[in-house]
């Protein structure tokens, strides 16, 4: 999530570009390559109080945990913990 302060959870806005490159490749490709299993994720952009917010939407895991760069993380609201 971009545009919300990690410390205060207040809206701060962002200029994060979902089409930018990360490590010499489009960020969408980077995420696709590092997520396992292959999932249908997407970004959502919207404005609240004239502040731009960007959210990466990842569907809930059904059969096996979703991992990023071989790290499986269980996230429930504001709490997260490593599975492995």
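Values quoted throughout were computed directly from the atomic coordinates according to the rules given, and no laboratory measurement underlies them. Since the model is a prediction, treat every value here as computed from it, not as a measurement. Using ideal geometry, Cβ is built from the backbone for each residue, glycine included, and neighbour counts are taken over all protein chains shown.
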Fill in the blank from the handout: Applying the gyration tensor rule to the Cα atoms of the chain (axes a ≥ b ≥ c; rounded if a/c under 1.5, else prolate if a/b exceeds b/c, else oblate), the class is oblate
Problem - Estimated [θ] at 222 nm from DSSP helical runs (n ≥ 4, -39500 (n - 2.57)) normalised by residues in the chain, nearest 500 - result: -2500 deg cm²/dmol
Handout entry: FRET efficiency for residue 51 and residue 72, using Cβ-Cβ distance with R0 set to 30 Å, rounded to 0.05
Key = 0.40
Completion exercise
Here FRET efficiency (C-beta to C-beta, residue 36 to residue 12, R₀ 35 Å, nearest 0.05) is 0.65
Exercise for the section: Can you pull the one-decimal nm distance between simple spin-label points at residue 61 and residue 44, each 7 Å off the Cα toward Cβ? Expected result: 2.2 nm
